Structure formats: structure tokens, C-alpha cells
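Here is the structure we will look at, set down as C-alpha cells.
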Amino acid sequence: MPLVILPRGGFSGPGSIDLSGITPDRLTELRTTAIERLPVEIDGRQQPLASAFVVSGALDEDNRIECRGDFSRVHGIGAGMLSGRIEVIGAVGHRAGARMAGGELVIAGHAGNWLAAGMSGGLVRIAGNAGDDAAAAFPGEANGVTGGLIVIDGSAGRLAAARMRRGIVAIGGDCGSGAGFELRAGTVVVAGTLGRHAGLGMRRGSIIAAGPSAVPGPTFQAGATWLPPFLTLLERRLLAAGFSPAARGPAPSPPHSLNWSRVTWTQWHGETTSGGRGEFWVRAA
């Protein structure tokens, strides 16, 4: 049985709770009573974890924490995690998985802003939508994600993967404006409709527009149309991680394929004002 965290029924209902630091790698040597006494920030004040949550069970051999209930106003879940696994049965607030370096964060619902921002390793997967700045850089920081895999089955807001330097971000639904803004390296996949100004200021890396009506901006130049082998490998990795974008169009992909190896792609080069070493892939057929 994993360590289970439930919102306390009699709690008055704060505006926000910050669970940063409540991660499996930091709880391995602690008993339940010690975990209950750990300080968390509730509406800007330090209080014991047990003042807002009921803690039961214990970390199992997989080092799992399970959060059950409404965590939509709980922020920083999985932030800074190094190892282990956190499962959330429901929605979460902002900064979930921020600055993760390892382990797995699996969310069954939606997530707020700054999902996996500054992440350097591990896996983050959400079944719902993400807010703005998913996998992006925090204000004032030069780089966003520098490693790991972020899988969003739903849609994402503005500036997804902004200033990303390494890693993979896969979005199964639509994506807001500015995806891959100032992308340094890494791969951004959008299976739905890609918003305006995608790849603005990108230096390197790849944006894969697998959905409809993707047209790169005027600072990109069209190149060859072909079938790049790396997309087949990327498809396999995403499917192994459980990536399941919503079926779109009259002929959805087979259940064990994203259909990338059966179509050709046009490779655009850009952003020319930033050196032109990035790649923007658009379905040609």
C-alpha cells in the first residue's frame, strides 16, 4: 500500500496550500507521525501537514505517494522530486513537478500553470489539460526544461516549452500561442491545433506540428518533404509512456500508432532571425 494523502474533511478551506518538498525521496526514513508534522505553507503560513491532510499507509517498495481528492488549490505537488512516484487522483494546482530531477508524477486530472517548469529529469504525465507556461522557464531564468519527458494528453496554454533546452514535451490536444518560444533544444510535439507564433526566437530543437492547419511564421523557410526516421523512434517512446492524443478527423490512428511513419512531413528551417538552426515539422500528407 502506498502512502496516501487525503484533504482533511473538517479543514476550513484555504486559498492555497504549497506541498513543495513532500516527495517520496525525502520521506523514505520517516514514520507517519513524523510526516504529519512536516511543515507546509498554507495561505502563506507554515503549518503541519496534518492540519490540512490525513496521512495513512506507508511508502511501499516503489516509493509511491497517492493523493486522493480535490488538489486543485494545492500547488507544488512533486516539485523537486528526485525519485519515486506520485499519483494524483484528480486535479492539481500550479507548479506541479516543477524542477523535478527524477521519478514519476502521474495526474489523472487537469493541472494549473507552470507544470514541470524547470524540470531536469523524470516523467510527468497528465490525463487532462495544462495551464500556461507548461515545461517553461520561470521568470528571470535562462532555461526551462533541461531533461525528462512531459506528456499532456489534453491541451496546454500559452508559452509551452518556452526556453526549453533538452527533453521532450508531447501535447495531445491544442496548444496556445508561443509554444517553443526561444527554444534552445529538445522536442515539442503538438497533436492538436498549434497556436500562433510557435517557435518564435527558437535557436535549435524541433517542433512537430502533428495536427491540422500548422503554418510556420514568415521567419521560417520551407525545406524538403520526406519521412524522417527519428519520428518513428519518437513515436515508439511516446506510446511507451502512454501518450494518447484524442482521435481527430474521420480516420483515427490505430491504437498502437500515432501514424507518423505512414505520412510524409515538410521540414521548415528557422527561426532565421535566431540563426535558422531549428526544425519545424508539418504534416504534408
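Listed by position, the strands (runs of 3 or more DSSP E) inside the range 155-239 whose residues that are without any contact (Cβ under 8 Å) to a residue 60 or more places away in the chain and within 13 Å of the chain's Cα centre (by Cα) number at least 1 are 166-171, 187-190.
For the range 137-153, a residue qualifies if it is surrounded by fewer than 23 Cβ atoms within 10 Å (Cβ to Cβ), assigned to a loop (DSSP other than H, G, I, E, B) and free of Cβ contacts under 8 Å to residues at least 60 places away in the same chain, and the qualifying residues are F138, P139, G140, E141, A142, N143. When the range 266-282 is filtered for residues that are in contact with a Gly (Cβ under 9 Å, 6 or more places away or on another chain) and modelled with pLDDT of 90 or more, the ones remaining, listed by number, are T266, Q267, W268, H269, G270, E271, T273, S274, R277, G278, E279, F280. Scanning the range 69-90 for residues that are crowded, with 22+ Cβ neighbours inside 10 Å, among the small types (G, A, S) and closer than 19 Å to I42 by Cβ yields G76, G78, A79. Considering only residues that are buried (at least 24 other Cβ atoms within 10 Å of the Cβ) and either closer than 15 Å to M119 by Cα or of a type in the set (D, E) (or both), which ones fall in the range 169-179? Across the range 169-179, the qualifying residues are V169, A170.
Is it the case, given these coordinates, that I65 is of a type in the set (A, V, I, L, M) and not in a helix (DSSP H, G or I)? Taking the combined requirement at face value, the residue satisfies it. Of the numbered criteria (1) part of a loop (DSSP other than H, G, I, E, B); (2) surrounded by 14 or more Cβ atoms within 10 Å (Cβ to Cβ), the one E29 fails is (2).
The values are calculated or read from the model by the stated rules, or taken from the named source; none is laboratory data. Please read these numbers as outputs of a predicted model, since none were measured by experiment. Neighbour counts are summed over all protein chains in view; Cβ atoms, including those assigned to glycine, are modelled from backbone coordinates with ideal geometry.
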